[in-house]
Structure formats: C-alpha cells, structure tokens
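Student: Here you go, one structure.
What follows draws every value from the coordinates through simple rules; no lab data is involved. No experiment lies behind these values; they were computed from the predicted model shown. Cβ coordinates were reconstructed from backbone atoms using ideal geometry, including for glycine residues, and neighbour counts include every protein chain displayed.
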Amino acid sequence: MKQGRIIKLISNDYTVSLNGIKYLCKCRGIFRNKNIKPLVGDLVEFDEKNKIIEKILPRKNELIRPPVSNIDQALIITSVKSPDFSSNLLSKQLVILEYNQIKPIICFTKIDLLENTKYLDKLINYYQQIGYTVLKNTETDKIKQLFKNKISVFTGQTGAGKSTLINKIDSNFKLKTGEISKSLGRGKHTTRHVELYPLNGGLVADTPGFSDIDLSSLSKEDIKDNFIEFEKYKEKCKYRDCMHDKEDVCAVKEALKEGLILEERYLDYLNLIHK
Ligand SMILES: Nc1nc2c(ncn2[C@@H]2O[C@H](COP(=O)(O)OP(=O)(O)OP(=O)(O)O)[C@@H](O)[C@H]2O)c(=O)[nH]1
Ligand SMILES: [Mg+2]
Ligand SMILES: [Zn+2]
C-alpha cells in the first residue's frame, strides 16, 4: 500500500499523485456505501497495482465550496468591478474560512477598471489593520512567495479573475479564462472542475467561481465568533453572550460609532445573523 494525495477528481476517477507520478484510481465501494466521498486534497492509502483507493487519512479541514480538503490558505479573489465589489460576499468567505481555520488572503482584481481608488484604499487599509493580508493581483512578485509547501485554493465569484491570476503567476499554465456574460448580467463559469496543480513549491486549486454562498450550516454564534475584529471589543460588552445587535452597552456598536469598525462589515454581520 502506498500513500499519495488526490489531486484531481472527474466524475468517479481520482488522480492520486505520489512523487510526481500520477495514478488514475477508483475508490472502494465501501466508501460510497458509507457516504464517504474522497476529496481533492485528501491523503490516501492506495493499491498502486489495482489502482484502488483503500483509505482516507484524517483531514485537517474540508470545504464544501470549493470541495477541497487539507487546505492551508485561500486566496479570496475579489474583483472591484465587473463583477462589482460585494462586501457581503467577501465577509461570507472570510467567515467560512475563519470557521474552518484556513488562512484567508484577500486579493483585489480589476483595479484598472476603477476611475479612482479612494474607496478601495479605505477597504485595503481596514482589512490590513484588522489583521488580514491584502494584495492586488498586480503584485505578482509578492503573490508568488505565498505558495511554498502549502495547499492553497483560489476562491471567489465567477469572473473575478482566479484563472487569469494563476496563468500570470506561472506562464506554463494555460487555464481557460472567460469574459463574464454581459447579457445575463452574471458570470458564466469558465473553470468547471477542481484540480490541485503544482505551483511555486506548493499545490494550488483553481476552482469554479460562484455567485453566492450559503452560510446556513453556521449558527449565529459561529458567525459572530468569526468576525475577527469584534474579538478585542467583546470583553467590554455588558452581556457575556452579547450578539452586538439590540443589546445596550455593546462595545462593538460603540467601536462602530467611533469609526473603528467599518460600517459595511457591521451591516454584513447583521445581515448574516438575521438570515
Ligand atoms: N480589466 C481586467 N480584467 C481582468 C483582470 N483579471 C481578469 N480579468 C478578466 O476577467 C475575465 C474573467 O477572468 P477569469 O480568470 O476567467 O475569472 P475566474 O475567476 O477564473 O472565473 P470562473 O472560472 O468562471 O470562476 C477575463 O476576461 C479576464 O481577462 C484584471 O485585473 N483587470
Ligand atoms: Mg476560472
Ligand atoms: Zn456587544
């Protein structure tokens, strides 16, 4: 039995990689019976002769969207125009990643389409100040340093520029990219399957984009706990279980009033807990 990593899944064919050699495997029927589905990113034990995956090793984490496991970090590809910036979508992605203990890295794209960057500069400032790494897709030298010995996923709205950025980081890549469909007013997915590719000493997944994200599996408390900038205020709220909503003497709302918390972020928060 050998140990390898699933790097690609198309219908029921799993590509397992070991020392640079790829094995096209099936998985044991027993997994399907038990409703356990191997994921891209899984470390597995496999029978190299019969090309059967026998065992999935314990996962560090797993995401549903994109369906990848054992992720170290996620680059949230966020376009500022076409599709327009959505604070709500960015907040949702940050919450899900924080919840799954995956390091988020915010990467803004399509800045060239803005008439001025005043609002964007404010956003960049804010997200950096609360502790996130924020980059622009033009900062390719910095982006190239991120991948060594890590599993990274590129996530973000369809048409945000995920595949374009990967192609730019390594010119060996010729991932398909696409115009977003103007007539429909929403993107059409260009990337259709999930695959981990070797990139600058690590593995990265370019994943199909989305138009919205579902957070219904998270409780209100989970959502509250993963707005990271609330952390340093919550001790000063009057109630220990303060939801920073209708309560009186709430330090988060106080910080909002003082301009220490970005209004959009607080509104995103209310929006999510009242869904
Ligand atoms: N002006 C401008 N266009 C960009 C930029 N980045 C990407 N694009 C364009 O945006 C379109 C969509 O880019 P893709 O890389 O296919 O987007 P994606 O995120 O991979 O989309 P899906 O695979 O559908 O999720 C393409 O026409 C790109 O050329 C940018 O920084 N500026
Ligand atoms: Mg793509
Ligand atoms: Zn509070």
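Student: Any idea what the dipole of segment 123-275 comes to, in debye rounded to 20, about its Cα centre with Lys/Arg Cβ at +1 and Asp/Glu Cβ at -1? Intermediate results must be reported in sequence, preceding the final value.
Tutor: On the way: 25 positive and 23 negative charges, 121 e Å.
In total the dipole reaches around 580 debye.
Student: Restricting the count to DSSP beta bridges whose residues both fall in the chain, what percent are antiparallel, rounded to a multiple of 5? Can you show the working numbers first?
Tutor: Numbers: 25 of 48 bridges.
If we restrict to bridges inside the chain, about 50 percent are antiparallel.
Student: Which of MET1, HIS193, ASN149 sits farthest toward the positive end of the charge dipole of the chain, with +1 on the Cβ of Lys and Arg and -1 on the Cβ of Asp and Glu?
Tutor: MET1
Student: Hey, fewest Cβ within 10 Å first, where do LYS150, LYS238 land in order? Don't skip to the end; give the middle numbers.
Tutor: On the way: LYS150 16, LYS238 10.
With the sparsest Cβ surroundings first, the list reads LYS238, LYS150.
Student: Going down the list LYS26/LYS176; LYS22/LYS103; LYS224/LYS275, which pairs span over 21 Å between their C-alpha atoms?
Tutor: Details: LYS26/LYS176 27 Å; LYS22/LYS103 28 Å; LYS224/LYS275 13 Å.
Listed pairs above 21 Å: LYS26/LYS176; LYS22/LYS103.
Student: Which of ALA205, GLN101, ASN137 sits closest to the plus end of the dipole of segment 73-206, meaning its Cα is farthest towards the positive end, when Lys and Arg get +1 and Asp and Glu get -1 on the C-beta?
Tutor: Farthest towards the positive end: ALA205.
Student: What are the ³J(HN,Hα) couplings of segment 258-275, residue after residue, when phi is run through the Karplus curve with 6.51, -1.76, 1.60 and θ = phi - 60°? Round to Hz, x for glycine and proline.
Tutor: Once θ is set to phi - 60°, the couplings for segment 258-275 become 7, x, 7, 10, 5, 4, 4, 5, 5, 5, 4, 4, 4, 3, 6, 7, 9, 5 Hz.
Student: What nm distance separates the two modelled labels at SER171 and ASN149, each placed 7 Å from Cα along Cα→Cβ?
Tutor: Each label point lies 7 Å from its Cα, and together they span 3.0 nm.
Student: Using the Kirkwood formula on the Cα atoms of the chain, what hydrodynamic radius do you get, in angstrom to one decimal?
Tutor: On the way: mean 1/r = 0.0494 Å⁻¹.
The Cα-based Kirkwood calculation yields 20.3 Å.
Student: For the chain, give me every cysteine whose Cβ has no other Cys Cβ within less than 4.7 Å, ordered by residue number.
Tutor: Flagged as lacking a Cys partner: CYS25, CYS27, CYS107, CYS250.
Student: Considering the dipole of the chain built from charges on the beta carbon (Lys and Arg +1, Asp and Glu -1) around the Cα centre, which of ILE64, VAL249, SER11 is farthest to its positive end?
Tutor: Of the listed residues, the answer is SER11.
Student: What span do the alpha-carbon atoms of segment 2-56 cover on each of the three principal axes, reported in whole Å from largest to smallest?
Tutor: 30, 19, 16
Student: For segment 208-218, just list the computed ³J(HN,Hα) in residue order, Karplus coefficients 6.51, -1.76 and 1.60, θ = phi - 60°, integers in Hz, with x standing in for Gly and Pro.
Tutor: Values per residue, Gly and Pro as x: x, x, 9, 9, 8, 10, 9, 9, 5, 7, 9 Hz.
Student: Now a separate question. DSSP loop (so not H, G, I, E, B), at most 15 other Cβ within 10 Å: list which chymotrypsin sites (Phe, Trp or Tyr not before Pro) in segment 231-275 pass both filters. Mind dumping the intermediate values first?
Tutor: On the way: sites: TYR233, TYR239, TYR266, TYR269; in loops: TYR239.
For chymotrypsin sites (Phe, Trp or Tyr not before Pro) across segment 231-275 that sit outside H, G, I, E and B with at most 15 neighbouring Cβ atoms in 10 Å, the list reads TYR239.
Student: Given Cβ point charges of +1 (Lys, Arg) and -1 (Asp, Glu) and nothing else, what value in debye, to the nearest 20, does the dipole of the chain about its Cα centre take? Spell out each step's value before the answer.
Tutor: Details: 46 positive and 36 negative charges, 209 e Å.
Charge dipole of the chain: 1000 debye, to the nearest 20.
Student: Report P(r) for segment 216-275: all Cα-Cα distances, bin width 10 Å, range 0 to the bin holding the largest distance, values in whole percent.
Tutor: Answer for segment 216-275: a P(r) of 23, 62, 15, 0 percent.
Student: Give me the one-decimal nm value for the distance between modelled label points at ARG65 and ASN100, 7 Å along each residue's Cα-to-Cβ direction.
Tutor: Each label point is offset 7 Å from its Cα along the Cβ direction, giving 1.1 nm.
Student: With only Lys, Arg, Asp and Glu charged, each at its Cβ (+1 for the first two, -1 for the last two), find how big the charge dipole of segment 73-206 is about the Cα centre; round to the nearest 20 debye.
Tutor: Numbers: 19 positive and 11 negative charges, 37 e Å.
Computed about the Cα centre, the dipole is about 180 debye.
Student: Given 0.36 nm per residue, what is the gain on full extension from ILE228 to ILE30 after removing their alpha carbon distance, in nm?
Tutor: Values: separation 198, 0.36 × 198 = 71.28 nm, distance 4.05 nm.
67.2 nm is the gain from fully extending ILE228 to ILE30.
Student: How far is it, in nm, from the label point at HIS193 to the one at THR138 when both lie 7 Å from their Cα along the line to the Cβ?
Tutor: According to this spin-label approximation, the distance is 3.7 nm.
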